[in-house]
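What follows draws every value from the coordinates through simple rules; no lab data is involved. Given the structure is predicted, the values throughout are model-derived calculations rather than measurements. Neighbour counts are summed over all protein chains in view; Cβ atoms, including those assigned to glycine, are modelled from backbone coordinates with ideal geometry.
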Amino acid sequence: MAKLTVLVVDDEELILHVLLRFFRRRGDRCDVAPGGAEALRLVEAQRYDLVISDIAMPEMNGLELIRRVKERQPDAVCILMSGLGTRGDIIEALKIGVFDFIDKPIPDLAALTMVIDRAAESGRLVRERNALLENLREQNTKLEYSLLRLHEAFAQLHQQEAVLESDLQKAQRVQRTFLPAGFPRVANFDFFGYYAPCDQLGGDFFGTLALADGRMALYLVDVAGHGVSAAMITVTFRELMRAGHRSTGQDALFGEPARVLRTMNEALIAEHFDPPIYVSMIYAVIDPGSGEVNVAAAGHPPPILVARGGAAGDVEVGGTVLGTPAVTDYRAKRLLLGPGDALLFYSDGLSEMRSPQGRELSADQLREIMARQHAQPARTIGAEVERRFLEHLEGAASTDDITFLVVARTAAAVEPTVRRPDEIIPDSVKIVMPEKLRRVSGGARGQIHAGFRGRTCIVQFRGLTTWQLAPALREMLQAAKARAEPPVCIDLDGCEALDSTMLGLLLQQSADLMLHQPNPRVLGQLHEMGVLHLFKISHDPCPQPQVAMAITPAESKQACSDLILSAHEALMEASARNREKFRDVVESLRQENAAAVHAPPK
């Protein structure tokens with residue numbers, strides 16, 4: 001236990017002498033004062049963990065002294081000594097925050113030690129609580145300010161809608177310039193690219209790089225998320241790539257896919273984005289002369305190869321998503337494409353898209369599509385992929401950006417000339433932008449409320465619900481388990497979005513929940529996490545509670561940290577893709593929690 005700083009106040013010299021020796025033998029620092037005036041002078045100059053005072057002293061009694069000490073040092077633990085204390089004195093002492101009483105003459109030292117140890121522990125808990133509350137106040141102030149600014153922005157949305165739509169259209173045109181107008185003509189190869197963001201701006205992009213030795217690099221990038229924020233990140237990531245390629249002597253680097261991924265991972269980490277940015281990427285180098293394709297991937301779905309005879313299968317390449325500090329040994333795989341062979345590179349928005357009935361398109365169906373396309377032109381293959389996924393959606397909108405590239409070998413090499421960079425293949429890139437602006441609803445501060453209707457528990461989500469509400473949600477779900485019958489009705493009608501902690505917490509209880517009226521954004525989040533199929537969904541209005549639930553979530557920093565970790569562990573275990581996506585995040589949270597548990601007391 002940490003050593004204490006103690007002040008003993010008594011007008012009896014013997015008491016001061018005994019307690020001074022007692023605390024010094026314990027290794028504590030101890031000051032003594034014969035009266036209230038001297039004690040207050042010491043309190044002004046020194047912070048004390050523990051103040052022990054006689055209750056009956058001339059000039060200033062112990063109650064008045066403790067009251068003044070508490071005004072100056074609210075965290076100090078105070079103990080009164082008295083052999084003549086009345087019931088009124090005890091009540092008054094409790095009112096001003098006295099922790100305990102010691103009878104005079106002083107009892108045996110073992111009993112005194114127990115009182116002191118309990119007082120020290122109480123003081124430590126008070127300081128920790130106050131530090132946490134102060135931190136929460138600071139964070140809440142920042143959050144209140146941020147939310148206030150958000151409310152101001154949302155209040156102007158209806159007035160600015162026309163301007164916003166115009167700006168988004170301009171931004172679309174700018175982002176459109178980041179994508180190639182078409183693929184360059186390359187001897188013996190044919191290409192097709194498709195891009196359809198689910199919002200006005202997307203987080204996917206692709207392109208090519210000309211290498212000095214006549215080879216061509218081809219890449220497809222998927223920034224986590226979609227919409228405006230993801231689009232801004234694509235600008236940053238694209239510039240990191242372009243800057244590296246323009247640098248003198250970097251041509252050899254960009255001819256080696258595994259090195260490119262390592263370099264881009266290091267560049268992302270060096271930018272110190274907060275929160276971190278995660279990017280999946282596939283990068284290939286094509287040699288038109290030999291038909292060789294050298295490919296590597298980072299957190300990206302494996303490409304599909306259709307080879308002679310129409311057999312289609314995955315090209316097993318993989319590595320951790322870019323932006324994670326974990327050391328990853330990216331490895332490239334060399335393929336030799338023969339005439340008629342083709343590769344399909346795609347983002348997970350294609351393979352994980354769901355029909356209105358919740359059926360996933362899946363990589364299996366993509367392999368089946370590709371198996372029937374051997375020896376077809378790249379544009380024909382791309383048109384068939386588009387036809388099939390539109391048929392799968394049945395007219396519904398996709399909840400994620402859809403991007404894919406087709407690389408087809410057309411004929412055996414007949415000459416060393418490998419490309420004509422000033423000429424592009426007509427109609428080799430197709431971009432499909434959303435037709436209308438998605439209206440943004442007025443943002444509400446994140447809130448959750450719970451109550452009961454008979455034996456049914458209802459939890460209502462409102463606004464942007466984030467990790468700060470997770471302790472309250474946990475208490476609500478625990479109360480529901482104790483007092484109600486499953487399923488717990490989760491009312492999402494007024495919920496704009498959930499962060500990953502809230503998603504993970506709901507996932508842990510998914511078997512006992514019914515999600516009512518989730519909006520497309522929330523459904524999209526569940527789909528992106530690969531957990532939509534684990535929830536029961538109802539589009540009927542949620543019943544309204546008749547009796548409110550009162551809860552008091554624990555204000556423990558460690559408990560909140562454990563809750564965040566537990567939620568992300570649940571997400572990680574939901575699918576193989578999530579294990580890859582969240583592995584390093586969860587490991588980082590585990591290390592932070594372990595460090596917090598073993599940190600020495602302040």
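For the range 447-598, what does the alpha-carbon gyration tensor say about shape, rounded, prolate or oblate, given a ≥ b ≥ c as the root eigenvalues, a/c under 1.5 as rounded, and a/b over b/c as prolate? In terms of gyration-tensor shape, oblate.
Note that the range 465-478 has calculated 3J(HN,Hα) couplings of 8, 10, 4, 4, 8, 4, x, 5, 4, 4, 4, 5, 5, 5 Hz, one per residue in order, obtained from phi through the Karplus relation 6.51 cos²θ - 1.76 cosθ + 1.60 (θ = phi - 60°); glycine and proline are x. Modelled spin labels at residue 550 and residue 117, positioned 7 Å past Cα toward Cβ, are 3.7 nm from each other. Taking other C-beta atoms within 10 angstrom as a stand-in for reagent exposure, 392, 300 fall in the order 392, 300, fewest first.
Relative to the current alpha-carbon distance between residue 329 and residue 588, full extension at 0.36 nm per residue lengthens the span by 91.3 nm. By the beta-carbon count within 10 Å of each Cβ, the least crowded to most crowded order of 403, 456, fewest first, is 456, 403. Taking 18 Å as the cut-off, the amide N atoms of the range 1-38 that come nearer than this to a point 7 Å along the Cα-to-beta-carbon line of residue 75 belong to 1-7, 29. A simple spin-label model places pseudo-atoms 7 Å from Cα toward Cβ; at residue 103 and residue 87 they are separated by 1.9 nm. Loop-located trypsin sites (Lys or Arg not before Pro) in the range 306-398 (DSSP state other than H, G, I, E, B) with a sparse environment of at most 16 neighbouring Cβ atoms within 10 Å: 331, 359, 372. Judged by the ratio a/c of the largest to the smallest principal axis of the C-alpha gyration tensor, the range 5-128 counts as rounded, that ratio being less than 1.5. A simple spin-label model places pseudo-atoms 7 Å from Cα toward Cβ; at residue 47 and residue 512 they are separated by 4.3 nm.
When each of 28, 108, 348 is scored by the number of other beta-carbon atoms lying within 10 Å, the sequence from fewest to most is 108, 28, 348. Packing, taken as the mean count of other beta carbons within 10 Å per residue, orders the peptides 473-480, 310-317 from highest to lowest as 473-480, 310-317. Return the percentage of antiparallel bridges among DSSP beta bridges fully within the range 447-598, rounded to the nearest 5 %. The antiparallel proportion sits near 40 percent. Using the Cβ-Cβ distance between residue 357 and residue 432 with R0 set to 22 Å, the FRET efficiency works out to roughly 0.40. Pairs over the 28 Å Cα-Cα cut-off, from the set 481/581; 95/481; 70/104: 481/581; 95/481.
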